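Undergrad: Just dropping this structure here.
The values are calculated or read from the model by the stated rules, or taken from the named source; none is laboratory data. None of the values given here were measured: they were computed from a predicted structure. Backbone-built Cβ (ideal geometry, glycine too); neighbour counts: all protein chains shown. In case anyone asks, the SASA skips ligands and DNA or RNA and just uses the protein heavy atoms, side chains included. Shrake-Rupley method; radii C 1.70, N 1.55, O 1.52, S 1.80 Å.
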Amino acid sequence: MNIEEFREFGKASVDYIADYFENIRKINVMSNVEPGYLKKELPEETPLSGESWQKVLEDVDKVIVPGLTHWHSPNFHGYFPTANSFPGIVGELFLSGLGCISKDWETNPACVELEVRMMDWLGKILGLPEEFLNETEGPGGGIIQNAASEATLVGLLCGKEKTVKDTVLSSNLTEEYIRTKLVAYTSKESNSSVEKAGLLASVPMRLLPTDENGSLRGHTLFTAIKKDKESGLIPCCVVATLGTTGTCAFDNLEEVGEICHKEGVWLHIDAAYAGAAFACPEYRYLMKGVENVDSFNFNPHKWMLVNSDCSAMWFKDTKSVEKAFKVKSTLPKVPTFEPEIHHWQIPTTRRFRALKLWFVLRIYGVEGIQQHIRRQIGLAKFFEQLVTSDGRFEVCISSMGLVCFRLKGEDCLTRALLDGVSNRKKIFLMPYILREKLVVRFVICSRFTQKDDILFAWNEIISVVEEDVYPCTKNMSKDMTMKQKVKKKSKPSILKSLDPSNIRSTI
Ligand SMILES: Cc1ncc(COP(=O)(O)O)c(C=O)c1O
C-alpha cells in the first residue's frame with residue numbers, strides 16, 4: 001500500500017466509522033449470529049497475493065459488523081461503559097499512526113513528558129492528594145497502565161515486596177520463610193481480577209464478607225488480619241474497591257485505610273469505573289480516607305471518554321515501586337529525566353497513550369467531563385423513577401450510572417424478563433444475584449444514550465413483561481407452579497451465566 005492508497009483507505013475508514021455512529025440507533029444492540037459464524041465466512045488460509053483495501057472494508061461491513069455487540073449503542077446497558085469519544089478515537093489513530101513507543105526519556109521525550117503531565121492533570125481533576133502527583137516534591141507519582149487488572153497486580157506486587165523487605169529488617173525471619181507466609185485481602189464483591197492478581201502474585205487472597213450494602217468494613221478487615229497474624233501469617237496488601245462491578249458499592253475507605261495504616265499493610269484502590277465520578281466534587285466524600293492509600297487506580301477508558309486502553313495509577317511512594325521492580329536495562333543507559341516512570345509498570349515499553357488522554361482532556365475540558373458524568377447519573381435516576389413508578393417492580397440498588405431492579409415475586413419472573421429481552425435483542429441487560437435474589441443490572445453506558453433511549457428501554461421491558469412474562473403466569477394450569485410455567489416459555493440465553501458454578505460472589 002502506498003501513501004496515496006493509505007490516505008484513501010484512512011479517509012474511507014473514518015467515513016465508515018462516522019456513518020456507523022450516525023446510524024447506531026437503527027441497529028439492534030445484539031447481533032443475530034450463531035457461535036462459529038465467522039468460520040463459514042472466512043477462507044481457511046491467508047490470501048496468497050494481497051487484496052485491495054476496498055475489499056477488506058467491504059468485508060468489515062459484511063462479516064465483522066453483523067457479529068458485533070454494539071457497546072456504544074444507546075441501548076447497551078450491560079457491564080460498565082467502555083469509553084469512546086471522537087477525540088479519543090482520533091487520539092488512538094494518532095498514537096498508532098505516529099507509532100512510537102517509549103521506555104526511558106530518550107526513547108521518546110514527548111511520550112514520557114506528556115504522560116507525566118497528563119497524570120498530574122488527571123490527579124487534580126479527581127482531587128487526589130498532592131502527594132500522589134508527579135510534580136509534587138517527594139516520592140509520589142502517576143503512570144498510565146493498560147488495565148485495572150494489571151494495576152491491581154502491580155499494587156499487590158508492590159505490597160508483597162515492601163512487606164518482605166520490611167519484615168526481613170524488623171525480624172529474624174528469612175526472606176524465603178516470609179514469602180511463604182504472606183496473605184492479602186479484598187471483599188467478596190471485588191472484581192474477579194483481584195482474585196486473579198492473588199493467583200498471579202502467589203499470594204492467597206482472602207475474599208472477606210461485606211455489609212448489607214456491599215461495602216467492606218473496618219471491623220471485618222481487622223478481625224481477619226488479627227486471626228491471620230495469630231496463626232503466623234503476614235498480611236501484605238488490601239485491595240479495596242470504590243464502585244464494585246456487581247452493584248457499584250463503595251468499601252469504607254476511611255475505616256479500611258486506618259487499619260492498613262496502623263498495620264503497615266499496602267492499600268490499593270480499585271476504582272476502575274466509579275473513580276471518574278470524583279471529577280465531580282459532590283462525589284468525593286466516597287473517597288474520604290484516601291490519604292492512607294498506597295496506590296490508586298481508575299480507568300479513563302471506562303467512564304471518562306478515553307478509548308481503551310488507558311488505566312490511570314498513582315503511587316504515594318514510587319521508591320517502593322522501584323525497589324520492587326527496578327532492574328538494569330539490557331542496553332547500557334544513563335538516566336536523563338526524572339521520574340523514570342517505565343520502572344512502575346510490568347511491560348518494558350509503553351504505547352503513547354497519553355496522547356489520546358490529552359486530546360480528550362483538552363477537547364472536553366473539566367466541565368465537559370463533569371457534564372458527561374452528571375448527565376449519565378441523571379439518566380440512571382430517570383430510569384430509577386420509571387421503575388419505582390410501576391408497582392410490579394422494585395428497585396434494589398441505585399448507585400452512579402447503575403440501577404439494579406427486579407420484578408416483585410419469585411425469581412422466575414425476572415428470569416423470564418431477562419430471557420425475553422435477550423431474545424428480542426433490542427436492549428442489552430445483565431443479570432446479577434443480589435442478596436440471593438435475581439436482579440437486572442441496568443447501566444448507562446453509551447455517551448449517545450438520551451432520555452428517549454431510556455424510555456425506549458423501559459417500554460421494551462414493559463412490553464416483554466406484558467407480552468411474555470405475565471401471560472405466561474396467567475395461563476398457568478392449577479398443577480403447575482409459576483416457576484415451571486415461566487421456565488417453559490424461556491429459551492436458554494445470557495442466563496446460562498447464572499449457573500452457580502459461574503458465580504463468584506454475591507452480597
Ligand atoms: C471494579 C472493577 N475492577 C476491575 C475491572 C477490570 O477492568 P480492566 O478491564 O481495566 O482490567 C472492572 C471491570 O469492569 C471493574 O468493574
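Undergrad: So Thr348 passes all but one of these: (1) farther than 21 Å from Lys451 by Cα; (2) touching an Asp or Glu at 6+ places or on another chain (Cβ under 9 Å); (3) surrounded by fewer than 19 Cβ atoms within 10 Å (Cβ to Cβ). Which condition number does it fail?
TA: (2)
Undergrad: Working carefully through the options Leu286, Leu242, find the one that is open to solvent by 30 Å² or more (accessible area, probe 1.4 Å) and touching a Phe, Trp or Tyr at 6+ places or on another chain (Cβ under 7 Å). Break it down stepwise before answering.
TA: On the way: Leu242 fails: open to solvent by 30 Å² or more (accessible area, probe 1.4 Å).
On inspection, the qualifying residue turns out to be Leu286.
Undergrad: Further question on the same structure: Looking at (1) at pLDDT 95 or above; (2) aliphatic (A, V, I, L, M); (3) assigned to a loop (DSSP other than H, G, I, E, B), find the lone condition where Val334 falls short.
TA: (1)
Undergrad: Still on this structure: Within the set of pairs 6 or more residues apart or between chains, which connect a residue that is over 13 Å from Glu338 (Cβ atoms) inside the stretch 104-119 to a residue that is acidic (Asp, Glu) and open to solvent by 20 Å² or more (accessible area, probe 1.4 Å) with Cβ atoms less than 9 Å apart?
TA: Arg117/Glu135
Undergrad: Checking the condition outside the structural domain of Met430 (by TED's automatic domain parsing), of a type in the set (Lys, Arg) and farther than 28 Å from Lys451 by Cβ, which residue from Lys26, Lys39 passes? Can you show your working first?
TA: Working: Lys26 fails: farther than 28 Å from Lys451 by Cβ.
Exactly one of Lys26, Lys39 is outside the structural domain of Met430 (by TED's automatic domain parsing), of a type in the set (Lys, Arg) and farther than 28 Å from Lys451 by Cβ, namely Lys39.
Conditions tested, residue by residue: (1) assigned to a helix (DSSP H, G or I); (2) more than 30 Å from Ser399 (Cα to Cα); (3) of a type outside the set (Val, Ile, Thr); (4) not assigned by TED's automatic domain parsing to the domain that holds Lys229.
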{"position": "Tyr79", "(1), (2), (3), (4)": "no, no, yes, yes"}
{"position": "Ile89", "(1), (2), (3), (4)": "yes, no, no, yes"}
{"position": "Glu115", "(1), (2), (3), (4)": "yes, yes, yes, no"}
{"position": "Leu122", "(1), (2), (3), (4)": "yes, no, yes, no"}
{"position": "Gly138", "(1), (2), (3), (4)": "no, yes, yes, no"}
{"position": "Glu150", "(1), (2), (3), (4)": "yes, no, yes, no"}
{"position": "Val164", "(1), (2), (3), (4)": "yes, yes, no, no"}
{"position": "Thr180", "(1), (2), (3), (4)": "yes, yes, no, no"}
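Yes/no matrix, rows are residues, columns are (1) assigned to a helix (DSSP H, G or I); (2) within 30 Å of Val366 (Cα to Cα):
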position: Cys237; (1), (2): no, no
position: Glu258; (1), (2): yes, no
position: Ile269; (1), (2): no, yes
position: Tyr285; (1), (2): yes, yes
position: Val306; (1), (2): no, yes
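Undergrad: Somewhere in the stretch 190-203, is a residue assigned by TED's automatic domain parsing to the domain that holds Ala148 and more than 16 Å from the ligand (Cβ to nearest atom)?
TA: Checking the stretch 190-203: at least one residue is assigned by TED's automatic domain parsing to the domain that holds Ala148 and more than 16 Å from the ligand (Cβ to nearest atom).
Undergrad: Further question: Yes or no: His301 open to solvent by less than 50 Å² (accessible area, probe 1.4 Å), in contact with a helix residue (DSSP H, G or I) (Cβ under 9 Å, 6 or more places away or on another chain) and without any contact (Cβ under 8 Å) to a residue 40 or more places away in the chain?
TA: no
Undergrad: Within the stretch 115-129, track down each residue that is of a type in the set (D, E, K, R) and open to solvent by 10 Å² or more (accessible area, probe 1.4 Å).
TA: Those that are of a type in the set (D, E, K, R) and open to solvent by 10 Å² or more (accessible area, probe 1.4 Å): Arg117, Lys124.
Undergrad: May I ask you to say which residue of Thr247, Thr241 is among the β-branched types (Val, Ile, Thr) and near the ligand (Cβ under 10 Å from one of its atoms)?
TA: Among Thr247, Thr241, only Thr241 is among the β-branched types (Val, Ile, Thr) and near the ligand (Cβ under 10 Å from one of its atoms).
Undergrad: What about Glu212, is it within 19 Å of Phe250 (Cα to Cα) and within 16 Å of the ligand (Cβ to nearest atom)? Can you show your working first?
TA: Values: within 19 Å of Phe250 (Cα to Cα): yes; within 16 Å of the ligand (Cβ to nearest atom): no.
The answer is no for Glu212.
Undergrad: Which condition breaks for Ser308 when tested against (1) modelled with pLDDT of 95 or more; (2) within 15 Å of the ligand (Cβ to nearest atom)?
TA: (1)
Undergrad: Sticking with this structure for a sec: Would it be correct to say that Glu161 is more than 30 Å from Phe80 (Cβ to Cβ), more than 16 Å from the ligand (Cβ to nearest atom) and either open to solvent by less than 70 Å² (accessible area, probe 1.4 Å) or in contact with a helix residue (DSSP H, G or I) (Cβ under 8 Å, 6 or more places away or on another chain) (or both)? Don't jump to the end; show me each part of the working.
TA: Values: more than 30 Å from Phe80 (Cβ to Cβ): yes; more than 16 Å from the ligand (Cβ to nearest atom): yes; either open to solvent by less than 70 Å² (accessible area, probe 1.4 Å) or in contact with a helix residue (DSSP H, G or I) (Cβ under 8 Å, 6 or more places away or on another chain) (or both): yes.
Against the criterion (more than 30 Å from Phe80 (Cβ to Cβ), more than 16 Å from the ligand (Cβ to nearest atom) and either open to solvent by less than 70 Å² (accessible area, probe 1.4 Å) or in contact with a helix residue (DSSP H, G or I) (Cβ under 8 Å, 6 or more places away or on another chain) (or both)), Glu161 qualifies.
Undergrad: Check Cys236 against each of (1) away from the ligand (no atom under 16 Å from the Cβ); (2) open to solvent by 10 Å² or more (accessible area, probe 1.4 Å); (3) in contact with a Ser or Thr (Cβ under 8 Å, 6 or more places away or on another chain) and name the one condition it does not meet.
TA: Looking at each condition in turn, Cys236 falls short on (2).
Undergrad: Hey, Gly138 hits all of (1) more than 24 Å from Trp358 (Cβ to Cβ); (2) within 13 Å of the ligand (Cβ to nearest atom) but one; which does it fall short on?
TA: (2)
Undergrad: So which residues in the stretch 180-214 are among the small types (Gly, Ala, Ser) and open to solvent by less than 10 Å² (accessible area, probe 1.4 Å)?
TA: Matches in the stretch 180-214: Ala184, Ser187, Ser190, Ala197, Gly198, Ala201, Gly214.
Undergrad: Which pairs do you get when a residue that is open to solvent by less than 10 Å² (accessible area, probe 1.4 Å), found in the stretch 262-280, comes within reach of a residue that is away from the ligand (no atom under 16 Å from the Cβ) and among the polar types (S, T, N, Q), reach meaning Cβ atoms under 6 angstrom, with the pair 6+ apart or on two chains?
TA: Ala279/Gln370; Cys280/Gln370
Undergrad: How many of the residues making up the stretch 84-121 are touching a Ser or Thr at 6+ places or on another chain (Cβ under 7 Å) and within 16 Å of the ligand (Cβ to nearest atom)?
TA: 0
Undergrad: Can we say Glu394 is in contact with a helix residue (DSSP H, G or I) (Cβ under 9 Å, 6 or more places away or on another chain) and open to solvent by 20 Å² or more (accessible area, probe 1.4 Å)?
TA: Here the answer is yes, as Glu394 does meet what is asked.
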